[in-house]
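Engineer: Pasting a structure below so you can have a look.
The values are calculated or read from the model by the stated rules, or taken from the named source; none is laboratory data. In this text, all values refer to a predicted model and were calculated from it rather than measured experimentally. Don't worry about glycine lacking a Cβ; one is built from the backbone with ideal geometry, like all the others, and counts go over all protein chains shown. Please note that ligands, DNA and RNA were not included when accessible areas were found on the heavy atoms of the full protein model with its side chains. Shrake-Rupley method; radii C 1.70, N 1.55, O 1.52, S 1.80 Å.
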Amino acid sequence: MPILKKTQALMLIVALAFVTGCELTPTADYCAAQLSGSLQSAISDAEERLANGCEYHFDNYFEQLLVIAETNPDRDNKRLFSDHLVHVSDIGLISTRQAKLLYNRYFNVKFVSLTGDYNTCAQTCPVRSQVIADMKAELMDKELGLLHASQDRKSFYRADRLLKETELVLEATCRACSSQ
């Protein structure tokens with residue numbers, strides 16, 4: 001009889017360990033699992049995960065959403081990303097400023113790499129090549145967001161033209177600054 005009780009106790013411990021293990025494993029898999037489906041359903045899935053303990057996966061989810069949007073381009077994708085960024089900002093996952101910067105980096109002709117009210121001669125000219133390099137990198141993100149994900153050729157080519165104009169203006173301005 002004591003052997004039977006020991007066996008039952010051992011089986012109970014094994015069963016509890018198995019059940020507990022099953023409950024803990026999906027959490028890691030839940031956060032790490034790839035998003036899939038339509039952009040709208042992937043955004044819903046990402047938002048649900050972000051609200052339920054996967055907040056450290058925000059950047060990864062955002063990249064996945066961009067890939068899904070690129071695979072399924074649609075003019076409405078800009079609005080879906082805007083709504084998503086507003087939502088994650090509203091729940092406090094990112095700041096309103098971060099949401100605006102992310103949206104503008106991918107879906108607006110405005111360059112976030114060149115912002116602020118500062119003296120061009122004193123602050124931009126010394127790092128002009130870095131500013132232009134940052135803007136070119138941002139243009140690649142705009143190509144993904146505007147051109148590939150949203151099929152907004154007009155806005156993408158406008159951003160491309162703004163970059164070229166900015167390069168010319170900065171070159172002329174910095175030459176003028178150096179001659180003073």
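Engineer: For the range 128-134, in order, what is each residue's ³J(HN,Hα) by Karplus, 6.51 cos²θ - 1.76 cosθ + 1.60 with θ = phi - 60°, in whole Hz (x at glycine and Pro)?
Structural biologist: Ordered by residue, 3J(HN,Hα) equals 3, 5, 5, 4, 5, 4, 5 Hz.
Engineer: Okay, next question. For the range 49-93, build the convex hull from the C-alpha positions and give me its volume per residue in Å³.
Structural biologist: 61
Engineer: According to the Cα gyration tensor, what semi-axes, each the square root of 5 times an eigenvalue, does the equivalent ellipsoid of the range 106-154 have, listed from largest to smallest in whole Å?
Structural biologist: Equivalent ellipsoid of the range 106-154: 26, 11, 6 Å, largest first.
Engineer: Continuing with the same structure: Enter the accessible area of GLU55 (Å², nearest 10), with the probe set to 1.4 Å and all protein chains included.
Structural biologist: Its accessible surface works out to 70 Å², give or take rounding.
Engineer: Separate question: How much length would be gained if the chain were fully extended between LYS110 and HIS87, taking 0.36 nm per residue of separation minus their Cα-Cα distance, in nm to one decimal?
Structural biologist: Result for the pair: 6.1 nm of gain on full extension.
Engineer: Could you work out the Kirkwood radius for the range 54-180, taking every pair of different alpha carbons, averaging 1/r and inverting it, reported in Å?
Structural biologist: The answer is 15.8 Å.
Engineer: By per-residue mean of other Cβ atoms within 10 Å, what is the highest-first order of 138-145, 58-65?
Structural biologist: 138-145, 58-65
Engineer: Under a crude label model (7 Å from the Cα following the beta-carbon direction), how far is GLU48 from ALA32 in nanometres?
Structural biologist: Label-label distance for GLU48 and ALA32, simple model: 2.1 nm.
Engineer: From the backbone phi of the range 39-44, what are the Karplus-calculated ³J(HN,Hα) couplings (6.51 cos²θ - 1.76 cosθ + 1.60, θ = phi - 60°) in whole Hz, Gly and Pro given as x?
Structural biologist: 4, 4, 6, 5, 5, 4
Engineer: A further question on this structure: Checking the cross-link filter: which aspartates and glutamates have an alpha carbon closer than 12 Å to that of LYS78, excluding same-chain neighbours under 8 positions apart?
Structural biologist: GLU70, ASP152
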